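Participant: I am attaching a structure below and will ask some questions about it afterwards.
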Amino acid sequence: MTDLDPNLAALKGRRVVLGVSGGIAAYKAVEVCRLLVDAGAHVSPILTDDAQRFIGALTFTALASEPAKTSLFGDPTDPIPHTRLGQGAHLVIVAPATAKLIGKVTAGISDDLLTATLLATTAPVLLAPAMHTEMWEHPAVVDNVKTLTERGVTFVGPDAGHLAGGDEGPGRLTTPEAIVRAAAEVLARGHDLAGTRVIVTAGGTREPIDPVRFVGNRSSGKMGHAIADAAARRGAAVTLITTSALAAESSVEIVSVTTAEEMYDAVVSRFAEQDAVVMAAAVADFRPKVIAGQKIKKHDGPPEIVLEPTPDILATLGERKEHQVLVGFAAETEHVRDHAAAKLAAKKVDLMVANDVSAPGSGFEVDTNQAVLLDSNGRAEELPLQSKTDLADAVLDRVRKALAHRGEERS
Ligand code: CTP
């Protein structure tokens, strides 16, 4: 790998803080440092006290772009190093990231230079965990990783393999090459959606039967919220039209709706000024024709509920679209690709995210999803089972490409 590697171009000239916490894999961070410098990054190493039990700061100082730092205090030429490093960084990497480091970042504890820098930065953060399998799989660590992922932190690894003390299993620091590649990817994504306006819909609509009951579905809104958050982190101006009470990134404009009709009005009235619309919501196809004004009483016997179609939001957008990129979701339980391809054509969308909601790890309420991306040129890409956050970024990568393509066509 050289600085000519096109996959690493995003690192060139960027300021990267390389944090090293205290695990046996700390020695591999030396190679990470060297590869980052080779790729043209300005690398500022920070070692925790425990890291220095495994590896000397001098090694990093010799290889990096500036002397390695180990303390918040004691350097009169650099009185507040954590804000200088945190605010100035384009990316903060921690490799290896121990269970302790991950726990402190999750809790917002800043009791040394590295954790203070991690709190003081608004740059993307990439963590490369390394620990014993039992620790990696401990519910506390699992929860922390989940929380940090939701906050936009990217994880690379760990791999499975030999661990210290002769043990074997998941928890091994991934390779320096994989860490540096992931760093380049995070930087390349950066704010690549800056200047674009995106609507994301999320959650299942609820169609009232009477004042207390509704026709609904099992959608939790997690997928749509993950897309809205990821788009916001990538610099888009995001309007999230949602039925869910889940939180979202602070820059996301939230419009709360309940029914398909309300969602239709909220999306369609804003459509003209959007660059892209991602319809991740599970919109009810039918609603009760008549909504009882009062609670339907049991003693009146089983009610006959007559349904009528709701407006199809995506199909309406497909008819009206001008420059906008349209993304639909197809939640299927059989013949996934065929059904999704038919919907893509019928609703005139550019990208369909198709998933088998009955497959393990996919679909409603869970944090993972496995999807096939279909585009309007008939291409299909099968994606792995991954977190909804990662799938969100994969979908947005496609949206960005489609927007760039459209920009080229128009110029
Ligand atoms: N959709 C929509 N308005 C509706 C129904 C669906 O905008 N009234 C959107 C969904 O948000 C999704 C896509 O259309 O992006 C496909 O939704 P899905 O429920 O999978 O397909 P349907 O067209 O409703 O077909 P079916 O329920 O028969 O599978």
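Participant: Mind checking which residues of the stretch 71-107 are assigned to a loop (DSSP other than H, G, I, E, B) and surrounded by 21 or more Cβ atoms within 10 Å (Cβ to Cβ)? Walk me through it before giving the result.
Facilitator: First, the residues of the stretch 71-107 that are assigned to a loop (DSSP other than H, G, I, E, B): 71-80, 89-90, 98.
Correct list: 89, 98.
The rows are residues; the columns are (1) basic (Lys, Arg); (2) modelled with pLDDT under 95; (3) within 18 Å of the chain's Cα centre (by Cα).
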residue	(1), (2), (3)
96	no, no, no
101	no, no, no
113	no, no, no
121	no, yes, no
186	no, yes, yes
189	yes, yes, yes
192	no, yes, yes
195	no, yes, no
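Participant: Let me ask something else. Pull up the stretch 289-322, narrow it to residues that are touching a helix residue (DSSP H, G or I) at 6+ places or on another chain (Cβ under 8 Å) and among the polar types (S, T, N, Q), then point me to the one that is nearest to the ligand (Cβ to nearest atom).
Facilitator: 310
Participant: Name the strands (runs of 3 or more DSSP E) wholly inside the stretch 286-386 in which the number of residues that are of a type outside the set (S, T, N, Q) and surrounded by fewer than 16 Cβ atoms within 10 Å (Cβ to Cβ) is 2 or more.
Facilitator: Working: elements: 286-288, 307-309, 325-332, 351-356, 371-375, 380-382.
Passing ranges, in order: 307-309, 380-382.
Participant: Quick one: count up the residues across the stretch 254-268 that are crowded, with 20+ Cβ neighbours inside 10 Å and either within 10 Å of the ligand (Cβ to nearest atom) or in a strand (DSSP E or B) (or both).
Facilitator: Final tally of qualifying residues: 4.
Participant: Let me ask something else. Right, residue 286: within 14 Å of the ligand (Cβ to nearest atom) and either hydrophobic (A, V, I, L, M, F, W, C) or touching a residue at least 24 places away in the same chain (Cβ under 8 Å) (or both) or not?
Facilitator: On the way: within 14 Å of the ligand (Cβ to nearest atom): yes; either hydrophobic (A, V, I, L, M, F, W, C) or touching a residue at least 24 places away in the same chain (Cβ under 8 Å) (or both): yes.
Yes.
A quick yes/no check of all residues on (1) under 30 Å from residue 157 (Cα atoms); (2) within 11 Å of the ligand (Cβ to nearest atom):
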position	(1), (2)
324	no, no
332	no, yes
347	no, yes
357	yes, yes
366	yes, no
376	no, no
386	yes, no
389	yes, no
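Participant: Cβ-Cβ distance below 7 Å, separation of 6 or more or different chains: which pairs start in the stretch 220-246 with a residue that is in a strand (DSSP E or B) and end on one that is among the basic types (Lys, Arg)?
Facilitator: 237/197; 239/270
Participant: Considering only the stretch 144-196, state which residues are assigned to a loop (DSSP other than H, G, I, E, B) and open to solvent by 50 Å² or more (accessible area, probe 1.4 Å).
Facilitator: So the first thing to find is which residues in the stretch 144-196 are assigned to a loop (DSSP other than H, G, I, E, B), and the list is 151-153, 156-158, 163, 167, 173-175, 190-196.
The answer is 151, 167, 175, 191, 194, 195.
The values are calculated or read from the model by the stated rules, or taken from the named source; none is laboratory data. Note that the coordinates shown come from a computational prediction; the quantities given were computed from them, not determined experimentally. Glycine also receives a Cβ, built like all others from the backbone with ideal geometry; neighbour counts cover every protein chain displayed. Only protein heavy atoms, including side chains, enter the accessible area calculation; ligands, DNA and RNA are left aside. Shrake-Rupley method; radii C 1.70, N 1.55, O 1.52, S 1.80 Å.
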